[in-house]
Amino acid sequence: MLLAFLVGCGSPVSGTWMFRVAVTAPVGDECVASVTHNLVGAYEPVASPEDLAWTTESESAQSEQVFFGRVEEGEEGAVLIVGNASLPGTTDGKGHWSFAWTGSETARTTNQHATGYQFIQSVENALTTTLTGTLDGDTMNGGWEEASQTVASWAESDTWSDDAAAYVGATGAIPTGNYLLRLDGTGVEVPATNTQSSYDCGDGSCSLTVNEACSYSYDLTGSRTGFDAADANWTEDAGQPAGL
């Protein structure tokens with residue numbers, strides 16, 4: 001997470017800074033996941049109740065991360081360079097700065113058989129990195145945040161021919177069994193599936209979407225140093241990782 005700020009001559013934030021990030025252990029569930037589908041009678045597994053006879057406590061701590069950053073400002077705001085990536089920055093004119101970038105990618109695959117069977121899979125990934133800070137003379141106080149989101153979706157024909165089944169199989173390709181359960185004829189929980197010859201879904205086509213979002217935030221402080229632009233080559237690689 002080495003940083004190099006670029007912001008211009010005459011700017012109140014110009015210069016080389018040493019930053020500290022207080023990387024802390026997660027205090028709870030940093031990720032939230034949700035599942036949506038249209039399979040009839042299917043449901044997500046229910047977590048087993050905790051055994052109240054057991055009590056577990058744990059604590060952990062680690063040293064801060066330290067890195068150097070070079071700052072300059074242009075006519076259209078600022079840019080924060082993190083390694084080889086650049087994060088455009090803005091200021092409210094009152095000493096508060098925000099640098100952020102969202103990287104994303106999408107992928108989609110469609111398989112279709114001449115008899116009418118269709119399978120569609122799509123994945124969307126996004127990662128947002130944000131650094132914020134309020135300048136007070138030669139010090140800065142703010143935060144570092146990384147937030148990610150993954151949305152995976154599948155759609156598949158509810159029934160299909162024997163010709164398509166020779167390639168797809170009798171239970172199709174949509175991974176419902178990884179996320180959903182259903183009761184069989186004897187009342188036993190089994191992984192939910194989309195079968196070739198039965199109507200398992202409500203709309204003539206089966207669909208499943210899994211959405212997972214994670215967010216990690218840490219306190220950040222910075223102090224201006226006496227290093228200049230000529231020191232950028234070595235300060236880019238200087239610093240300390242969090243912990244050992």
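The values are calculated or read from the model by the stated rules, or taken from the named source; none is laboratory data. Note that this is a predicted model, so its numbers are computed, not measured. In this analysis, Cβ positions are derived from the backbone assuming ideal geometry, glycine residues included, and neighbour counts consider all displayed protein chains.
Tell me yes or no: at least one residue of the stretch 44-62 is under 25 Å from the mean Cα position of the chain (by Cα), in contact (Cβ under 8 Å) with a residue 24 or more places away in the chain and closer than 22 Å to Phe19 by Cβ.
yes
Can you list residue pairs whose Cβ atoms sit under 7 Å apart, with the first residue in the stretch 120-148 being in contact (Cβ under 8 Å) with a residue 60 or more places away in the chain and the second being surrounded by 17 or more Cβ atoms within 10 Å (Cβ to Cβ) and among the charged types (D, E, K, R)? Count only pairs 6 or more apart in sequence or on different chains.
Final answer for the pair search is Asp138/Arg224.
Name the single residue, out of those in the stretch 214-244 being in a loop (DSSP other than H, G, I, E, B) and among the charged types (D, E, K, R), that is surrounded by the fewest Cβ atoms within 10 Å (Cβ to Cβ). Outline the logic, then answer.
Within the stretch 214-244, the subset in a loop (DSSP other than H, G, I, E, B) is 225-228, 236-238, 241-244.
Restricting the remaining residues to those that are among the charged types (D, E, K, R) gives 228, 236-237.
Numbers: Asp228: 11, Glu236: 17, Asp237: 9.
Of everything passing the filter in the stretch 214-244, Asp237 is surrounded by the fewest Cβ atoms within 10 Å (Cβ to Cβ).
Pick out the one residue from Thr130, Thr102, Thr110 that is within 30 Å of Ala173 (Cβ to Cβ) and either out of contact with any Cys (no Cβ under 6 Å at 6 or more places or on another chain) or loosely packed, with under 14 Cβ neighbours inside 10 Å (or both). Give the derivation first.
Numbers: Thr130 fails: within 30 Å of Ala173 (Cβ to Cβ); Thr102 fails: within 30 Å of Ala173 (Cβ to Cβ).
The unique qualifying residue is Thr110.
Which condition does Tyr179 not pass, out of (1) surrounded by 14 or more Cβ atoms within 10 Å (Cβ to Cβ); (2) closer than 16 Å to Ser197 by Cβ, if it passes all the others?
Here Tyr179 clears every test but (2).
Give the number of residues within the stretch 196-213 that are crowded, with 16+ Cβ neighbours inside 10 Å and either among the charged types (D, E, K, R) or touching a Cys at 6+ places or on another chain (Cβ under 6 Å) (or both).
The qualifying residues number 1.
Mind checking which strands (runs of 3 or more DSSP E) fall wholly inside the stretch 96-196 and carry at least 3 residues that are more than 30 Å from Gly41 (Cα to Cα)? Working first, answer last.
Working: elements: 96-112, 118-136, 139-157, 181-183, 189-191.
Ranges flagged: 96-112, 118-136, 139-157.
When you look at Gly185, is it loosely packed, with under 13 Cβ neighbours inside 10 Å and either of a type outside the set (Ser, Thr, Tyr) or at pLDDT below 90 (or both), yes or no? Step through it out loud before you land on a result.
Values: loosely packed, with under 13 Cβ neighbours inside 10 Å: yes; either of a type outside the set (Ser, Thr, Tyr) or at pLDDT below 90 (or both): yes.
Judged against the criteria, Gly185 is a match.
So which pairs qualify, if the first residue must be in the stretch 167-187 and over 12 Å from Trp154 (Cα atoms), the second must be surrounded by fewer than 15 Cβ atoms within 10 Å (Cβ to Cβ) and of a type in the set (Gly, Ala, Ser), the Cβ gap must be under 6 Å, and the two must be at least 6 apart or on different chains?
Once the first residue is over 12 Å from Trp154 (Cα atoms) and sits in the stretch 167-187, its partners that are surrounded by fewer than 15 Cβ atoms within 10 Å (Cβ to Cβ) and of a type in the set (Gly, Ala, Ser) give Arg182/Gly41.
Suppose we keep only residues that are surrounded by fewer than 16 Cβ atoms within 10 Å (Cβ to Cβ) and among the polar types (S, T, N, Q) within the stretch 14-43. Which one would you say is nearest to the chain's Cα centre (by Cα)?
In this case the residue turns out to be Ser34.
Taking the stated definitions as given, is Ser11 part of a loop (DSSP other than H, G, I, E, B), modelled with pLDDT of 75 or more and over 22 Å from the mean Cα position of the chain (by Cα)?
Numbers: part of a loop (DSSP other than H, G, I, E, B): yes; modelled with pLDDT of 75 or more: no; over 22 Å from the mean Cα position of the chain (by Cα): yes.
So Ser11 fails the test.
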